[in-house]
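Notes follow the structure.
The values are calculated or read from the model by the stated rules, or taken from the named source; none is laboratory data. These figures come from a predicted structure and were not determined experimentally. Note: ideal-geometry Cβ built from the backbone for every residue, glycine included; neighbour counts use all protein chains shown. Please note that ligands, DNA and RNA were not included when accessible areas were found on the heavy atoms of the full protein model with its side chains. Shrake-Rupley method; radii C 1.70, N 1.55, O 1.52, S 1.80 Å.
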Amino acid sequence: MIEVTTTHLQQLSVSELRRSTRTLPAGARIERVEAMTPEFSKYLYQGVGSGWNWSDRLSLTRAEWASLLEAAGVETYVIYLHGAPAGYLELVGRVERTGTEVEIMYFGLFPQSIGHGLGGALLSEGMSRAWDLDARWASFPPVSRIWVHTCSLDGPAALANYQARGLQIFHTESEMLEPGDGAAGMWPESMPSA
């Protein structure tokens, strides 16, 4: 068991969004995945989250994973570098009494993509798409809030990146947790040499 601090951040107006000033490097692009499959989603989830103990979805069946992805208001954006996925962001929009609230459910980069200026650009684009999510989902009222939570198990730049994009802390909590193994089943153990 270790103490894990979770920080909740929000943005209440698109005017609060501060886009990254970095431009995408040559060979990089961000695309919305129009027909997300559980297999591709799990690949992204494990590729990004295995080093940060992301394990909450690993026990889901394919049908359960598909159900999450097929829900109204769920969108996935992938950043590609030279044709290969470099990271992703998953948005989950929900209709609340104050309007549409959009949670940044998952966000991160593959290990080899960290430190190349991609995170700020991906988060900026994802937050822009969160603010206009209602334009793509006819039954959703205007977006009134974007929010995310990050914890002390996440990458060391996560909180700073969220704050640099204009998200404000509204709640912090700490609890004792036993982190899951986000890399479980990803790669077989190395065999000892003979």
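Could you order GLU70, GLU125 by accessible surface area, starting with the largest, using a probe radius of 1.4 Å? Mind showing how you got there, number by number?
Details: GLU70 145, GLU125 50 Å².
Greatest to least solvent exposure: GLU70, GLU125.
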* Asked: Which order do MET1, MET36, MET127 take by accessible area at a 1.4 Å probe, largest first?
  -> MET1, MET36, MET127
* Structure fact -> Simple SL model, points at 7 angstrom along Cα→Cβ for HIS8 and ALA160; separation in nm is 2.6
* On the protein heavy atoms, probe 1.4 angstrom, tell me the percent of accessible surface of the chain carried by carbon and sulfur. => 55
* **FRET efficiency, MET176 to GLU64 (Cβ-Cβ, R0 25 Å, nearest 0.05)** => 0.35
* Asked: When Lys and Arg each count +1 and Asp and Glu each count -1, what net charge do the other residues less than 13 Å away from LEU89, Cβ to Cβ, add up to?
  -> -2
* Asked: What angle, in degrees between 0 and 90 and rounded to the nearest 10, separates the Cα long axis of helix 118-131 from the longest principal axis of the Cα atoms of the chain?
  -> 40
* Just grab the label-to-label distance for ALA72 and THR98, each label 7 Å out from Cα along the Cβ direction, in nm (one decimal). => 2.1
* Structure fact -> Mean accessible area per residue over the chain (1.4 angstrom probe, all protein chains present, square angstrom) is 53
* Amide H neighbours of TYR106 under 5 Å, at least 5 residues apart or on other chains, H built in the peptide plane: list them. => GLU90
* Area of THR76 that stays accessible when all protein chains are in place (1.4 Å probe, Å², to 10) -> 0
* For the chain: span of alpha carbons on each principal axis (Å, largest first) -> 63, 41, 37
* Structure fact -> With +1 on the Cβ of every Lys and Arg and -1 on the Cβ of every Asp and Glu, the dipole magnitude of region 29-107 about its Cα centre, in debye rounded to the nearest 20, is 140
* Taking the dipole about the Cα centre of region 1-103, with the C-beta of Lys and Arg at +1 and of Asp and Glu at -1, give me whichever of ALA66, GLN11, ILE79 is farthest to the positive side. => ILE79
* Using only Cα atoms, tell me the angle between helix 38-49 and the longest principal axis of the chain; keep it within 0 to 90° and round to the nearest 10. => 80
* Can you put ASP56, ASP154 in order of accessible area, largest first, using a 1.4 Å probe? -> ASP56, ASP154
* Structure fact -> Dividing the alpha-carbon radius of gyration of region 57-172 by 2.2 N^0.38 Å, where N counts its residues, gives 1.09
